[in-house]
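Asker: Let me give you the structure first, and then I'll get to my questions.
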Amino acid sequence: MSLHLEIASCVRATSKFSDCSKCIDACPESIQLVDNLPSFANNTGVEAASCVGVCPTEAFSLSDFSTTEFFFSFLESKVRLISPKFNVPCISVLSVEHLISLALASEEEITLDLSSYDDTSILYEQINARIEEANFVLSSFSEKQLVSNHIAEDVPKLENESEDEVSSRRSFLGNASLKGVVRHKMTFDEAVEADELKTFALDVHIIAKIREKNLPDKRKILFTTLKHAGVPDTFEILPEEEVSFTSQKFVDDTCTNCQICYRICPTGALSSNGKFSLINFDSMLCVKCRLCHDVCEPNAIQLQSGFEIKEFFEPTQRTLATFDIKRCNECGNNFTYTGGEQACPRCMLEEEEAMFLHSNALSMKALFEEKKEDE
Ligand code: SF4
Ligand code: SF4
Ligand code: SF4
């Protein structure tokens with residue numbers, strides 16, 4: 001079993017300003033940055049599987065193990081044990097979203113077998129942290145919890161599944177969509193500056209894939225299981241730092257409507273309209289990759305301090321900012337009007353430069369005439 005990285009899905013390939021290091025932090029021994037992109041040796045195997053579970057965009061995967069396929073085959077099986085001795089190469093391949101979804105979708109309690117791990121290792125700590133986060137989030141709206149345990153004895157094998165079962169699950173996933181939010185809200189043609197991508201020597205095929213906006217399967221699974229979970233009577237608000245896989249945001253008044261964040265967001269969580277006169281945000285599409293924060297020069301986009309669980313059950317598109325778009329009196333292009341003369345920043349700059357050159361020419365002329373008089 002080997003590790004695979006779909007570089008087009010990595011937010012570092014989308015922008016050189018991305019500071020994402022989740023995979024490197026998870027597997028520092030195996031994954032390093034080379035030319036600002038994650039890189040690993042060809043023989044890197046499942047010992048580095050923690051990067052698979054932690055990557056917000058599912059850029060990492062394993063050659064012979066699909067977390068999406070596992071989700072369905074596990075639920076179809078009768079055993080409620082997840083163990084590296086039995087059905088997963090490593091528990092760390094599963095993300096917090098997978099763990100929450102599994103707990104929600106299973107009638108019976110699920111046990112995670114940690115007996116294969118050294119309880120002083122970083123990997124053990126990471127797996128425990130994910131289970132704790134999953135249980136914390138679950139406890140805010142459900143009675144269900146995951147159990148972690150040390151199982152010593154041998155466990156049974158899964159039966160093979162039929163092709164029909166696999167394809168019916170695929171169509172189930174294909175149909176999973178967020179009410180009114182999984183859609184291409186704008187063309188992504190200009191979303192990523194090709195020149196910026198070329199600095200990483202990415203080929204045209206990869207650049208085209210980056211331009212697509214994709215919601216990871218794990219998010220589709222989570223959304224689908226949430227739709228079948230009971231709606232709680234009251235909705236809790238969890239501390240932002242306790243939820244690693246999604247977020248709520250606000251935009252402050254330092255925003256210049258440079259358009260970068262909503263053009264570059266890999267999932268379409270941030271979007272705008274045809275006139276670029278607003279910033280919309282769908283929390284259930286956000287994978288907390290932080291790319292929008294990394295590219296925002298004035299730091300105008302910020303994380304809300306609390307995450308509202310209500311979003312899981314009643315996903316809404318919120319408008320984070322609106323802008324007054326006017327046509328420039330000089331060049332006729334639309335621009336974000338902030339008051340004063342109705343001219344776009346480029347024309348204003350050109351006018352300033354022209355005035356500077358003109359006043360320079362006048363002083364040169366005056367100097368020249370003064371010198372001539374002296375002679
Ligand atoms: S965690 Fe995923 S998105 Fe982030 S740097 Fe690694 S591969 Fe890229
Ligand atoms: S929030 Fe930041 S990146 Fe997004 S449009 Fe405003 S200034 Fe640009
Ligand atoms: S809104 Fe920001 S953090 Fe969320 S997916 Fe988009 S770029 Fe990533």
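The values are calculated or read from the model by the stated rules, or taken from the named source; none is laboratory data. In this text the structure is predicted, and so the values were computed from the model without any measurement. FYI the Cβ positions are ideal-geometry reconstructions off the backbone, even for glycines, and counts take in every protein chain you see.
Asker: State all residues of segment 240-272 that are within 7 Å of ligand 2 (Cβ to nearest atom), touching a strand residue (DSSP E or B) at 6+ places or on another chain (Cβ under 7 Å), under 25 Å from ALA59 (Cα atoms) and not aromatic (Phe, Trp, Tyr); if no residue qualifies, say none.
Answerer: CYS261
Asker: Among the listed residues LYS275, LYS220, LYS288, which satisfies the condition of being assigned to a loop (DSSP other than H, G, I, E, B), out of contact with any Pro (no Cβ under 7 Å at 6 or more places or on another chain) and among the basic types (Lys, Arg)?
Answerer: Just one listed residue meets the conditions, LYS275.
Asker: Applying the selection to segment 317-353, what residues are free of Cβ contacts under 8 Å to residues at least 40 places away in the same chain and touching a Cys at 6+ places or on another chain (Cβ under 6 Å)?
Answerer: Passing the criteria: CYS328, GLU330, CYS331, ASN333, PHE335, ALA343, CYS344, CYS347.
Asker: Given the condition surrounded by 10 or more Cβ atoms within 10 Å (Cβ to Cβ), within 17 Å of ASN273 (Cα to Cα) and aliphatic (A, V, I, L, M), answer yes or no: does some residue in segment 349-362 qualify?
Answerer: No.
Asker: Now a separate question. Do we find a residue being at pLDDT below 90 and either farther than 23 Å from TYR124 by Cβ or assigned by TED's automatic domain parsing to the domain that holds CYS286 (or both) anywhere in segment 81-99?
Answerer: no
Asker: Further, regarding this structure: Considering only residues that are more than 50 Å from the chain's Cα centre (by Cα) and of a type in the set (A, V, I, L, M, F, W, C), which ones fall in segment 347-368?
Answerer: ALA361, LEU362, MET364, ALA366, LEU367, PHE368
Asker: Just to be sure I understand the filter: pairs with C-beta atoms under 8 Å, separated by 6 or more residues or on different chains, first member in segment 253-278 and closer than 17 Å to PRO345 by Cβ and modelled with pLDDT of 90 or more, second member within 9 Å of ligand 2 (Cβ to nearest atom) and of a type in the set (Gly, Ala, Ser). Which pairs pass?
Answerer: THR254/ALA300; CYS255/ALA300; CYS255/ALA321; THR256/ALA300; ASN257/ALA321; GLN259/SER272
Asker: Continuing with the same structure: Return yes when VAL287 is within 16 Å of ligand 1 (Cβ to nearest atom) and closer than 24 Å to ARG346 by Cβ and no when it is not.
Answerer: So VAL287 does not fit the description; no.
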